[in-house]
Amino acid sequence: MEYIAYLHKDADSDYGVSFPDFPGCVTAGSSLEEARKMAAEALAFHIRGMRADHEAIPAPSTLDDLRDDPAREGGIAFLVTPEAEDRTVRVNITIPENQLAEIDRRAKAAHLSRSAYMVKHALLPQTPSSHSRNATGSMVIKPVPKDASRPGRRRFRQIA
């Protein structure tokens, strides 16, 4: 859904953004790009707050609806799509028990939940030395010794 926003700029100020469908939802940016980005963030934050308070989210107005809106005077109307909310999902993984215990120990030391710890560390930026690739650029896969609890199965691990 896209909502109309008004962009205003005075000579000695940042670019201000307001939303006629959401009175009180305002933001600003020092550049047009920053104002556009901040508008999407502010609108998403405002809508999340309204949902948390069980308030109805208004349908987007049209430019025809806002033709006589005094707040539009001196401003430029543009469309803003609120940033999408990330939906949390449950996943199941298979992991050796000793590794899970180590993750739990580290998560506790970092004052994080197991899930938060795993997500945070999985999304850390990769450095060139943190993974191994062969001449074609493919990840190098190295065999791991057979698991004594699962005879006959060979497991592999990715060097990362």
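Quick notes on this one:
- Order of VAL26, VAL17, VAL119, VAL89 - criterion: other Cβ atoms within 10 Å of each residue's Cβ, fewest first: VAL89, VAL119, VAL26, VAL17
- Shape analysis of the range 3-80 places it in the oblate category; the axes a ≥ b ≥ c from the Cα gyration tensor give an a/c of at least 1.5, with a/b not above b/c.
- Treating r as the C-beta distance of GLU41 and ALA101 and R0 as 41 Å, the FRET efficiency rounds to 0.60.
- Here the range 3-80 is assigned +1 on the Cβ of each Lys and Arg and -1 on the Cβ of each Asp and Glu. Its dipole about the Cα centre then comes out at about 240 debye.
- The range 28-117: C-alpha gyration tensor shape, a/c 1.5 cut-off, then a/b vs b/c: prolate
- The slack in the chain from MET118 to THR88, taken as 0.36 nm per residue of separation less the alpha-carbon distance, amounts to 9.4 nm.
- Counting neighbouring beta carbons within 10 Å and listing from fewest to most, the residues ASP64, ASP21 come out as ASP64, ASP21.
Read-outs: derived from the displayed coordinates by stated rules, not from any lab. Model, not experiment: these values are computed from the prediction. Note: ideal-geometry Cβ built from the backbone for every residue, glycine included; neighbour counts use all protein chains shown.
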